[in-house]
1. Can you spot a residue in the stretch 262-285 that is hydrophobic (A, V, I, L, M, F, W, C), in the same structural domain as T32 (by TED's automatic domain parsing) and more than 16 Å from ligand 2 (Cβ to nearest atom)?
2. Which is part of a loop (DSSP other than H, G, I, E, B), within 16 Å of ligand 2 (Cβ to nearest atom) and touching a residue at least 12 places away in the same chain (Cβ under 8 Å), of Y34, Y45?
3. If only one of W231, W235 is crowded, with 18+ Cβ neighbours inside 10 Å and out of contact with any Pro (no Cβ under 7 Å at 6 or more places or on another chain), which one is it?
4. Quick one: count up the residues across the stretch 489-504 that are surrounded by fewer than 15 Cβ atoms within 10 Å (Cβ to Cβ) and more than 15 Å from E460 (Cβ to Cβ).
5. Quick one: which strands (runs of 3 or more DSSP E) sit completely within the stretch 92-200 and have at least 2 residues that are under 25 Å from L254 (Cα atoms)?
6. Specify the residue that is nearest to I66 (Cα to Cα); the eligible residues are those in the stretch 149-185 that are surrounded by 15 or more Cβ atoms within 10 Å (Cβ to Cβ) and among the acidic types (D, E).
7. Scan the stretch 101-143 residue by residue and report those that are touching a helix residue (DSSP H, G or I) at 6+ places or on another chain (Cβ under 7 Å) and at positive phi.
8. Quick check on my filter: what residues within the stretch 241-263 are part of a helix (DSSP H, G or I) and either within 16 Å of ligand 1 (Cβ to nearest atom) or modelled with pLDDT under 95 (or both)?
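The values are calculated or read from the model by the stated rules, or taken from the named source; none is laboratory data. Nothing here was measured: the structure is a model prediction, and the numbers come from that model. For neighbour counting, all protein chains shown are included, and Cβ atoms are generated from backbone atoms with ideal geometry for every residue, glycine included.
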Amino acid sequence: MSFKFYNTLNHKKEEFKPLIDGQVSMYSCGPTVYWRVHTGNLRAYSSWDFMIRAFKYTGQKIHRIINFTDVGHMVADEDMGDDKIDKQAKSQNIDPFEIANTYIRSVLVDFKKFNILGPNGEEIDETIDVKSMDKEKWAKLGWARATDHIEEMIEIIKKIEENGYTYSTSQALYFDVSKFPEYTNLSLQPLNDKQVGVREEVGVDPEKKHPADFVLWMKNVGKYKDHLMHWQSPWGVGFPGWHIECSAMGTKYLGEYFDIHTGGTDHIPVHHANEIAQNYGAFKHHVVNFWIHNEMLVSADGEKASKSKKNVYLLEEIEEMGYDPMDMRYYFLTVNYHVPIRFSIEGLEGSRKSRISLVKKIFEIAKNSGADTSVEFSVQLKISTVIEEYRSEFISNLEDNLNTSGALAVVSKLFKSTEKPFDVIATILDFDNVFGLRIEENVLKLYETEGTAIGDIPVEVADIVRDRDTARQNKDWAKSDELRDQLIKMGWNVKDTQQGTQISKI
Ligand code: AMP
Ligand code: ZN
């Protein structure tokens, strides 16, 4: 393995060597669970999904944590704004833990739809009962929920306090950035540029010494006297500042030194600068070797796409427009993670066409090589080999700061090559362990629907066809009839063949 990544900490591309050979320890800042994840968030998490898939592909083990932020993240990332979850809970008159449960569930569902693997590279089980989960059960899967770790946050804040990096006002306990001269190293923004939020509802603490000082513990006083989630602490009843959760959970699970910390570039000047300061305050050394950041998905007019600006799509909105989540995933593969995406429907449409043509091409090559049925396809695939020359070119692209667009270009080269047709297919399907585009599944759908499953008919119809075939294999004739009627109602003729259900437009 010889990966190189752009390390924001040192502002250059650097060779990546994990602390433990063959195992990568990694923390990814997780979603704030007060709303559905949007296409901007998916840009972030698919970038890290490509990364862990690339590690897995090259034989690395992964020890990774993704957190769920369910307390303390203020609107506009300010210290004294409104807590996003508290605000949502009050406006809907629902318990904040319930709000978080609802959106944690939706994260799992949306990630699964987007073929994002769980933190440690395993398939996500989106059906788990979120209410029945506790800290240990989450941790086994690599997830960590902020409110399950209040004790750890208090402990790490105590360390920071003992080491002399804090001061207290009547409203909060702050980290004093003047005590950490390296504070601006990550963002390279002069301290004086830090502005306190100008939004009207942001109440500024007059006792705060510098605008860049940030909250470690917020007391339930003043603006926050009715904050719904609160806990006892040495600094009074209150709740943690947003940044401390990542320092506490990262070091709890991954240790005082670990390899990679990821997040969007929006986190560089505040959240991650603060996390580095906290880590230093608690341990007197840096904790993370590589800080890696994905660039933003911006709207057509160039503004950062965000929940609060409401200029962003949810995954289900993309689906309602007739796109498969894999169209979006393909889009993300074509723009490397460190390049901004100016999102447009035309761009998405282009990706849809390219993805469909990729799947169809494989189907055609397979058919032309005599694989007339899905069974023959699978048999041929088993006796084919991945072509080493292309595989190593593919890996070189991934190793070069996760050049996914370059890795995708190797597929075009393969199509133009004179290699054996089924070796070409086997090699592309092998690459799909990293792309995660569900290529094989889609090719099999084409077999089931005589080449019409994607592009010409909606994927949900293909899903019903597949369910019907399963029902018939299980001799569940009632179910099979019910699904046939459903297909007819949706406008499709149904024919039973030896290869299974075949459909055509009525
Ligand atoms: P949040 O739920 O806002 O805390 O964001 C979760 C993750 O998504 C963070 O790592 C953010 O940096 C990332 N993120 C948020 N908005 C965007 C965007 N428009 N483009 C890319 N990444 C984003
Ligand atoms: Zn974080």
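1. Yes, because at least one residue in the stretch 262-285 is hydrophobic (A, V, I, L, M, F, W, C), in the same structural domain as T32 (by TED's automatic domain parsing) and more than 16 Å from ligand 2 (Cβ to nearest atom).
2. Step by step, each of Y34, Y45 is checked, and only Y34 is part of a loop (DSSP other than H, G, I, E, B), within 16 Å of ligand 2 (Cβ to nearest atom) and touching a residue at least 12 places away in the same chain (Cβ under 8 Å).
3. Every option except W235 fails the conditions.
4. Total satisfying the criteria: 6.
5. Hits in the stretch 92-200: 143-145.
6. Here the residue is E152.
7. Within the stretch 101-143, N115, G121 qualify.
8. Selection gives I244, E245, C246, S247, M249, G250.
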